[in-house]
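Worksheet: the structure to be examined is printed underneath.
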């Protein structure tokens, strides 16, 4: 089927989930919101559990499972063909991976955007995996959906770029090399150790437990500003998936995409690139190059002869503007006119965690309707 619809990352965590994780009691509003979404999504909500003032570890895990199940049903009800759980069981895309890895010490929270923060870590020793950190959530999701599943996992380069590279910088400082060469070598070793020792064993476990589609998230791609860094970026992807048979996609949000070529094509097992387009696009209907000015990035794939698929961003996740199914249709059809309908998957530009569940649900429901309109038109 052409124009399969998919999520692209996280969605917001409702207050019952976030407060419970922090050990805070829930108020009537939190419980009412959980019950309302439970009713809408046909997910039973244990009000007694949510109302408990003192929650045990098992209680908190049960609430986390509830949040995960709600998110699965949320994506299913919106009509998506390929689902996950919006990363409901993860603290945050960076911290969740780092706290399950050896060699790091957390040093404090920094602002990523809006009112979102993450706990930054300093790498102070050789990195390796401490615990598998996505296998159990995959098992839970596989037991609770019959839809296609795509597992998102934060890439090695982003984990490195968002950390303080203390250990590898100090290690390479002992080498008699020019400063630029030393820093590049330290960065490369750090990234590739993360790829080999943290990403690869997690990916291998996911595939062994039934994963058939894995999305590697690299939001830090815009920081790869040199040819050498881009070569390391591609190398890190290849090291992460080395020796593993699976369908792999690369999600890069909000970058100067033209600057990534041609090195990005060295990601040998990457069969799909999911990009942001709608954020740059007009809200006019139509399918001309001038009307769909946000989709010029597709030309890079055509120019360089990329034969895989593109996850086409058709929803701007930085706005509450809900595109009509007709606008979604026209964006999809334009992408199909450039690359062919068989090469287009349909998704938001990025994760929808900055939008409320109400807004996100309307966006995704409209997106699936727009994809259907596009199927009817080809």
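Laboratory data are not the source of any read-out in this text; all were calculated from the coordinates shown. As the structure is a computational prediction, the values presented were derived from the model and not from experiment. Cβ placement follows ideal geometry from the backbone for every residue including glycine, while neighbour counts extend to all protein chains displayed.
Some points to look at:
- Over segment 222-378, all Cα pairs binned in 5 Å intervals from 0 give whole-percent P(r) values of 2, 9, 18, 21, 19, 14, 10, 6, 1, 0, listed from short to long.
- Once the Cα-Cα distance is subtracted from the 0.36 nm per residue extended length, the residue 227 to residue 181 segment shows a gain of 15.2 nm.
- Maximal additional length on extending the residue 173-residue 51 stretch stands at 38.4 nm, based on 0.36 nm per residue less the C-alpha distance.
- Segment 159-192-segment 354-377 distance, computed between alpha-carbon centres (Å): 44
- Gyration tensor verdict on segment 126-285 (Cα atoms; rounded if a/c is under 1.5, prolate if a/b is larger than b/c, oblate otherwise): oblate
- Look at the alpha carbon pairs under 8 Å that are at least 6 residues apart: their mean separation over the length of segment 168-240 gives a relative contact order of 39 percent.
- Cα shape, segment 40-120, gyration tensor, a/c 1.5 rule: oblate
- Computed over segment 191-297, relative contact order equals 27 percent, with contacts defined as Cα pairs under 8 Å that lie 6+ residues apart.
- Segment 242-372: relative contact order in percent, alpha carbon pairs under 8 Å with at least 6 residues between: 25
- Ranked list, fewest to most other Cβ atoms within 10 Å of each Cβ, for 330, 12, 299: 299, 12, 330
- Prolate/oblate/rounded label for the chain (Cα gyration tensor, a/c 1.5): oblate
- Between 284, 174, 227, the Gaussian network model of the chain with springs among Cα atoms under 10 angstrom shows the greatest mean-square fluctuation at 174.
- Residue 27 paired with residue 105, simple spin-label distance in nm, labels 7 Å along Cα-to-beta-carbon: 3.9
- Residue among 139, 181, 19 with the largest mean-square fluctuation in a Gaussian network model of the chain, springs linking Cα atoms under 10 Å: 181
- Note on residue 61/residue 321: beta-carbon distance plugged into 1/(1 + (r/R0)^6) with R0 of 51 Å gives a FRET efficiency of 0.85.
- Semi-axes of the equivalent ellipsoid for segment 156-235, Cα gyration tensor, largest first, Å: 27, 14, 10
- Extension gain (nm, one decimal) between residue 377 and residue 132, 0.36 nm per residue minus Cα-Cα: 83.8 nm
- Label-to-label distance for residue 356 and residue 271 is 4.0 nm, based on points extended 7 Å past Cα in the beta-carbon direction.
- Convex hull volume of segment 228-296 per residue (C-alpha atoms, cubic angstrom): 99
- Dimensions in Å of segment 1-142 - Rg and Dmax from alpha carbons: 16.8, 49
- Using all pairs of distinct alpha-carbon atoms, the Kirkwood hydrodynamic radius of segment 289-355 works out to 12.6 angstrom.
- Sorted ascending by nearby beta carbons within 10 Å, beginning with the fewest, 194, 132, 14 become 132, 14, 194.
- Model label zone, residue 42; criterion: amide N under 17 Å from point 7 Å along Cα-to-beta-carbon; scope segment 65-85: 69-81
- Sequence of 369, 53 once ranked by neighbouring C-beta atoms within 10 Å, starting from the fewest: 53, 369
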